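The values are calculated or read from the model by the stated rules, or taken from the named source; none is laboratory data. A quick note: this is a predicted structure, and the numbers were derived from the prediction, not measured. All Cβ positions, even for glycine, are placed from backbone atoms using ideal geometry, and neighbour counts span all protein chains on display. What goes into the accessible areas is simple: the full protein's heavy atoms, side chains included, and nothing from ligands, DNA or RNA. Shrake-Rupley method; radii C 1.70, N 1.55, O 1.52, S 1.80 Å.
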Amino acid sequence: MVVRFNMNSASLCASILFLTWSLASGARTYCHPTNASCWPTADEFKNLVAQLNPDAPRICKYDEGQSPLPAAIPVYSPYNQPLYGLGAYGLKPAYETDQTQMKKEFCFAISGQERRAECLVSVRNNPLNKWDPAFTIFALNSSHIKTAMEFAAKHSLCINVAGTGHDFINRHSCPNGVMIRTTLMKGAAMNTKKDGIVFGAGTTCSEAEAYAASQGFVVSCGWAKTVGIAGWSLGGGHGPNAGWAGLGVDNIMEAEIITGRGDVIVANAQSNSDMFFALRGGGGSTWGVLASLTLRAHPLPSGGFTRVGRVIYGDMCDTGKAELANNIDAYLEWSSTLDKAYNGILFITPSQSTAAQCGGNWTMAFEYVFAGSFAESNATFQDIGKKLQGTLYQNSYMPFKNFHEAYEATPIEYIIPTAWSLPSSVSPGGVPSILVSQENVANGILAKQLKARLSDCVEIGVCSRQELYDDITGKSNSPRDSGVSISDGFRNARFHLVVGGWDAAKMKTYYDIGENSYFSESAFQMDGDSWKQRYWGKHYEKLLAVKNKYDPDSLFWCHHCVGDEEGKED
């Protein structure tokens with residue numbers, strides 16, 4: 001039972017794509033607005049609205065400083081409101097795009113273009129060009145979801161389900177289809193054993209930590225506070241507590257899901273255990289639609305938490321490059337001594353400038369969260385501070401009692417509703433990632449790769465930030481549940497490395513140091529079927545069997561998800 005709580009909140013990217021298939025040809029077919037035989041009439045749309053409790057309040061508003069963030073915040077949104085503020089005054093149950101006025105470019109492509117309501121309600125990160133929904137529906141419950149799915153199926157329309165809209169790869173978009181937003185589906189309650197919390201599938205990390213803190217607990221969640229718990233957890237889930245409390249997949253205790261067969265089932269270790277295995281790392285968008293998710297509740301550390309940050313910089317002259325090389329080696333050596341209580345991020349950002357000495361600069365910034373007090377961690381952070389070279393720009397320490405406090409002090413990570421990271425002739429698109437083993441850290445391969453790619457900035461003009469996430473379970477004393485479906489490379493990795501877009505030759509130099517990638521942050525394009533190995537390794541065939549069992553008619557599909565056997569896309 002999910003208990004409603006009175007917060008204006010938003011959901012995550014538990015997105016799905018609902019497809020109609022021609023069984024004769026095996027190809028997907030969608031209705032186009034020009035096809036009157038299948039396109040919904042005005043009366044049919046009115047009938048849809050009437051079935052969605054149109055008089056029920058639908059508010060999506062952020063009261064700054066007074067409540068957790070209810071949804072992702074688009075860049076430049078007035079007063080940091082979701083949906084550019086449209087939800088603050090009440091949302092309709094459904095929106096229809098006027099096809100005669102819809103421009104060829106997608107909603108936010110043109111500077112100064114009037115942002116119509118149907119654009120505002122479909123806001124999401126990195127939308128695919130010209131792939132805007134024709135209908136956007138705000139569901140309040142599972143009945144509304146079923147109604148929307150039946151509407152889409154009747155008219156041969158694809159479905160994109162979105163909540164917070166954080167999907168970096170936007171693998172779930174579909175043109176002229178139905179977007180079902182779970183943004184307003186919320187709820188939280190302790191389970192009967194008081195060792196887990198049942199959340200509505202639309203809960204953000206901000207909301208999850210606020211509720212957990214009110215009960216004296218913390219849950220494992222992401223670095224960005226408006227990421228949704230469902231997609232984050234199902235895809236693996238790494239974050240500032242993951243090395244200590246486990247990855248998102250380690251913390252899923254139970255799920256309620258509406259499958260592709262139309263069944264409402266509960267999946268846990270005892271019931272529908274094959275689906276439970278699939279949900280714990282197989283990614284969303286292919287099995288069905290989550291209704292709720294039970295996550296493990298962890299008691300708060302007696303010393304609370306401590307956040308430590310440091311920023312240094314230098315130039316690309318010989319001395320500056322030597323300092324940077326020293327810092328990479330010093331950081332990798334220092335971080336190898338940390339236990340599961342330390343979880344952090346290191347960003348190394350090169351820049352090219354004719355005004356800079358020797359053609360460029362670099363900045364090195366790290367942020368760590370320690371599960372304990374400042375006194376317990378001070379000596380460890382002082383140690384790395386003494387080893388780093390360059391000019392100190394910032395040094396910070398911040399204690400907090402729980403992760404609700406931590407999120408309140410964390411800047412908003414804005415989503416960008418433009419095609420900023422699509423595939424091109426020089427980039428695979430998305431946010432390419434590699435999971436790096438302890439072996440390839442210890443033998444110097446990772447350090448060599450980082451130094452080479454950072455030097456590319458001034459040598460060939462390709463400047464890409466290198467992001468190292470030291471927040472996964474390759475540490476010797478981190479929780480490692482064996483019943484999850486992420487790849488072994490992810491299970492045992494020491495670092496999650498995220499890089500900017502590169503051409504195929506440069507991407508190979510990254511892929512050579514790790515054969516696995518993180519489902520929720522990876523390249524949009526991968527060679528052939530390599531995505532199966534990079535995401536799931538030996539687990540893929542088992543996951544495909546689960547897919548075929550619970551969605552035998554392949555109603556659910558998304559790009560490079562389990563079941564995308566032919567890789568077909570419009």
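Excluding residues on the same chain fewer than 8 positions from K130, give the aspartates and glutamates whose Cα lies under 13 Å from its Cα.
Cα-Cα hits under 13 Å: E105, D570.
Which of the peptides 477-484, 151-158 is most tightly packed, and how do the rest follow, judged by the mean count of other Cβ atoms within 10 Å per residue?
Result, highest mean Cβ count within 10 Å first: 151-158, 477-484.
Taking P(r) over Cα pairs in 20 Å bins from 0, in percent straight from the coordinates, which label in (i) 19, 51, 27, 3; (ii) 18, 47, 30, 5, 0; (iii) 22, 56, 21, 1 is the correct one?
(iii)
Give me a comma-separated list of calculated 3J(HN,Hα) values for the stretch 512-518, in order, Karplus coefficients 6.51, -1.76, 1.60 applied at θ = phi - 60°, integers in Hz, x for any Gly or Pro.
5, 9, x, 8, 10, 9, 8
Can you show me the helix-derived [θ] at 222 nm for the chain, built from DSSP H runs with n ≥ 4 at -39,500 (n - 2.57) apiece and divided by the number of residues, rounded to the nearest 500.
-7000 deg cm²/dmol
What is the helix-to-structure angle for 540-550, meaning the angle in degrees between its Cα long axis and the longest Cα principal axis of the chain, kept from 0 to 90 and rounded to the nearest 10?
20 degrees
Per-residue counts of other Cβ atoms within 10 Å, averaged by peptide: what ranking do you get for 206-213, 540-547, highest first?
Ranked from most to least packed, the peptides come out as 206-213, 540-547.
Using +1 on the beta carbon of Lys and Arg, -1 on that of Asp and Glu, and nothing else charged, what's the dipole of the stretch 254-312 about the Cα centre, debye to 20?
It works out to roughly 420 debye.
Checking the cross-link filter: which lysines have an alpha carbon closer than 16 Å to that of K448, excluding same-chain neighbours under 8 positions apart?
Partners found: K321, K506, K508.
Would you mind working out the accessible area per residue for the chain, using a 1.4 Å probe, and quoting it in Å²?
On a per-residue basis, the chain sits at 39 Å².
For the stretch 453-570, give the magnitude of the charge dipole about the Cα centre (Cβ charges: +1 Lys/Arg, -1 Asp/Glu; no others), in debye to the nearest 20. If you can, show how the numbers build up before the last one.
Working: 15 positive and 21 negative charges, 106 e Å.
Dipole about the Cα centre, nearest 20: 500 debye.
Assuming 0.36 nm per residue, please report the length gained on full extension of the stretch K130 to N477 beyond their Cα-Cα distance.
Contour length minus Cα-Cα distance gives 120.2 nm.
Please say if the stretch 259-341 is rounded, prolate or oblate, where rounded means a/c under 1.5 for a ≥ b ≥ c the square roots of the C-alpha gyration tensor eigenvalues, and otherwise the choice is prolate for a/b larger than b/c and oblate otherwise?
Prolate shape, in that a/c is at least 1.5 and a/b is the bigger ratio.
Normalised by the number of residues in the stretch 122-194, what is the relative contact order in percent for Cα pairs under 8 Å and 6+ residues apart?
The normalised contact order for the stretch 122-194 reaches 45 percent.
Under the 0.36 nm per residue contour assumption, what length would be gained going from the current alpha-carbon distance of A375 and A56 to full extension?
Value of the extension gain: 109.7 nm.
Once each part is reduced to its C-alpha centroid, what is the distance from the stretch 405-472 to the stretch 203-261 in angstrom?
Taking the Cα centre of the stretch 203-261 as reference, the centre of the stretch 405-472 is 23 Å away.
Could you list, in their original order, any pairs among K46/K549; K92/K154; K340/K542 whose Cα atoms are separated by more than 24 Å?
K46/K549; K340/K542
Restricting to Cα pairs below 8 Å that are 6+ residues apart, what does the relative contact order work out to for the chain? Please round to a whole percent.
With pairs under 8 Å counted, the relative contact order is 17 percent.
Residue by residue through the stretch 147-159, which ³J(HN,Hα) values in whole Hz follow from phi under the Karplus form 6.51 cos²θ - 1.76 cosθ + 1.60 (θ = phi - 60°), with glycine and proline marked x?
4, 5, 5, 5, 4, 5, 5, 4, 9, 6, 10, 6, 10
Tell me, in nm to one decimal, what length is gained between S530 and S143 on full extension, where the rule is 0.36 nm per residue of separation less the Cα-Cα distance?
135.5 nm
Let me have the relative contact order for the stretch 407-476, percent, based on Cα pairs under 8 Å that are six or more residues apart.
16 percent
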